[in-house]
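Enquirer: Structure provided below as structure tokens; questions to follow.
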Amino acid sequence: MKIKDLVDQIISYSHNEDTPDTDLSAKALTWLNSAYHELLQENLAFLKHKMLTQVEVSLSDDFFELPKDFYLFEKIKLANGQVISKEDKDCYSIEGDLVFLKNQKNQNLMFVYIPEFKQLTLDDSLSIMHISSNYVQSLIWGALVWSSIYERGVHTQNELSLFEAKWNQAKQNYKVTLATYSDQVLRTVPYQFIH
């Protein structure tokens, strides 16, 4: 199944044939991305360890440039083994696209961070998502709620209330699942195909 299949379902629920609309696929994809990012953001505490990225960077003088896909700072591992965590605010500062380290110069280090959430495209497979496959369908409800935020995408207030209730329930169920099975295998990282 592809992202396009979810987008088609969203369009079938949200499209009002009496008021034709243009570029529905792009709009529905935006709504779906918003719902997906909302779900990831709300559950980041449970998903963080599966999303962390580590890159080696060179410290020039006392600073280095953030990776292009940087979203949230986690920690820095210095060459001597010392770790600067995000709580050690007196050891570093982030200014624009640069990270400045105090009392550190010219060395290679490991920068650990959470990358920005991927923007889904119509051709993507559902397997690239960082959520359990059991909850992918619930993103339809979230997308319909987001459609009412971006534009009036539902027919009545009753529909919006229904979509909001289903979306809130799906988010709660997902959070409970992550909290309950956090130490067990739950597919929250993309599949890796072996050829």
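The values are calculated or read from the model by the stated rules, or taken from the named source; none is laboratory data. Please read these numbers as outputs of a predicted model, since none were measured by experiment. Quick reminder, even Gly has a Cβ in these numbers, built from the backbone with ideal geometry, and neighbours come from all protein chains shown.
Enquirer: How many residues does the range 91-108 hold that are surrounded by 15 or more Cβ atoms within 10 Å (Cβ to Cβ) and farther than 30 Å from residue 37 by Cα? Before the answer, list the steps.
Expert: Taking the range 91-108 and keeping what is surrounded by 15 or more Cβ atoms within 10 Å (Cβ to Cβ), we get 91-92, 99-101, 104.
Right, trim to farther than 30 Å from residue 37 by Cα and you get 91, 101, 104.
The total comes to 3.
Enquirer: Go through the range 50-94 and count every residue that is out of contact with any strand residue (DSSP E or B) (no Cβ under 7 Å at 6 or more places or on another chain) and within 10 Å of residue 112 (Cβ to Cβ). Give the derivation first.
Expert: In the first step, residues of the range 50-94 are kept if they are out of contact with any strand residue (DSSP E or B) (no Cβ under 7 Å at 6 or more places or on another chain); the result is 50, 60-61, 68, 80-82, 87-90.
Add one more test, that the residue is within 10 Å of residue 112 (Cβ to Cβ), and what stays is none.
Within the range 50-94, residues that are out of contact with any strand residue (DSSP E or B) (no Cβ under 7 Å at 6 or more places or on another chain) and within 10 Å of residue 112 (Cβ to Cβ) number 0.
Enquirer: Which one of these does residue 142 not meet: (1) surrounded by 13 or more Cβ atoms within 10 Å (Cβ to Cβ); (2) small (Gly, Ala, Ser); (3) over 17 Å from the mean Cα position of the chain (by Cα)?
Expert: Single failed check for residue 142: (3).
Enquirer: Do the conditions hold for residue 128, that is, is it assigned by TED's automatic domain parsing to the domain that holds residue 172, surrounded by fewer than 16 Cβ atoms within 10 Å (Cβ to Cβ) and either over 30 Å from residue 173 (Cβ atoms) or at pLDDT below 95 (or both)? Spell out how you get there, then give the answer.
Expert: Working: assigned by TED's automatic domain parsing to the domain that holds residue 172: yes; surrounded by fewer than 16 Cβ atoms within 10 Å (Cβ to Cβ): yes; either over 30 Å from residue 173 (Cβ atoms) or at pLDDT below 95 (or both): yes.
Considered against the rule, which asks whether it is assigned by TED's automatic domain parsing to the domain that holds residue 172, surrounded by fewer than 16 Cβ atoms within 10 Å (Cβ to Cβ) and either over 30 Å from residue 173 (Cβ atoms) or at pLDDT below 95 (or both), residue 128 comes out as yes.
Enquirer: Restricted to the range 30-76, and to residues that are in the same structural domain as residue 138 (by TED's automatic domain parsing) and acidic (Asp, Glu), which residue is farthest from the chain's Cα centre (by Cα)?
Expert: 42
Enquirer: Looking at the range 66-75, can you tell me whether even one residue there is surrounded by 12 or more Cβ atoms within 10 Å (Cβ to Cβ), in contact (Cβ under 8 Å) with a residue 12 or more places away in the chain and over 26 Å from residue 111 (Cβ atoms)? Don't jump to the end; show me each part of the working.
Expert: Here is the first cut: in the range 66-75, the ones surrounded by 12 or more Cβ atoms within 10 Å (Cβ to Cβ) are 66-67, 69-75.
In the following step, the residues that additionally are in contact (Cβ under 8 Å) with a residue 12 or more places away in the chain were identified as 66-67, 69-75.
With over 26 Å from residue 111 (Cβ atoms) added as a condition, the list becomes none.
There is no residue in the range 66-75 that is surrounded by 12 or more Cβ atoms within 10 Å (Cβ to Cβ), in contact (Cβ under 8 Å) with a residue 12 or more places away in the chain and over 26 Å from residue 111 (Cβ atoms).
Enquirer: Which of the numbered conditions does residue 44 fail, given that it passes all the others? Conditions: (1) free of Cβ contacts under 8 Å to residues at least 60 places away in the same chain; (2) more than 20 Å from residue 3 (Cα to Cα).
Expert: Failing condition for residue 44: (1).
Enquirer: Restricting attention to the range 141-150, does a residue exist that is part of a loop (DSSP other than H, G, I, E, B), aliphatic (A, V, I, L, M) and at pLDDT 75 or above?
Expert: Pass one, the range 141-150, residues part of a loop (DSSP other than H, G, I, E, B): none.
No; the residues of the range 141-150 include none that is part of a loop (DSSP other than H, G, I, E, B), aliphatic (A, V, I, L, M) and at pLDDT 75 or above.
Enquirer: Can we say residue 73 is more than 30 Å from residue 27 (Cα to Cα), in contact with a Pro (Cβ under 8 Å, 6 or more places away or on another chain) and at pLDDT 90 or above?
Expert: Working: more than 30 Å from residue 27 (Cα to Cα): yes; in contact with a Pro (Cβ under 8 Å, 6 or more places away or on another chain): no; at pLDDT 90 or above: yes.
Considered against the rule, which asks whether it is more than 30 Å from residue 27 (Cα to Cα), in contact with a Pro (Cβ under 8 Å, 6 or more places away or on another chain) and at pLDDT 90 or above, residue 73 comes out as no.
Enquirer: Take the range 26-49 and flag every residue that is basic (Lys, Arg) and over 13 Å from residue 117 (Cβ atoms).
Expert: Taking the range 26-49 first, the residues basic (Lys, Arg) are 27, 48.
Selection gives 27 alone.
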